[in-house]
Amino acid sequence: MDVAYAWLASVREDVGLLTNEFLPEFLLITVLLLLLWGIRRRFQRDAHPPF
């Protein structure tokens, strides 16, 4: 049972390190992509014929 607790603690620590290391960059990239998508959608011309 101690091995399972040690393994879970190790996994929890690894997830915490990955979250602290990569989450800010991931969120920044996501926000930038959403912003670019919104800008492109806002200024996109209608490519369909008017009829």
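Odds and ends about this structure:
- For the chain, with +1 on Lys and Arg beta carbons and -1 on Asp and Glu, the positive-most of Tyr5, Ile39, Ile29 along the dipole: Ile39
- Prolate is the label for the chain, because a/c, from the alpha-carbon gyration tensor with a ≥ b ≥ c as root eigenvalues, is 1.5 or above and a/b exceeds b/c.
- Acute angle (nearest 10 degrees) that the helix 2-43 long axis makes with the longest principal axis of the chain, alpha-carbon atoms: 10
- Inter-probe distance in nm under a simple model that places probes 7 Å from Cα toward Cβ, at Leu27 and Ala9: 2.9
Throughout, read-outs are computed from the coordinates displayed, never taken from laboratory work. Because the structure is a prediction, the values reported are computed rather than measured. Neighbour counts run over all protein chains shown; Cβ positions are idealised from the backbone, glycine included.
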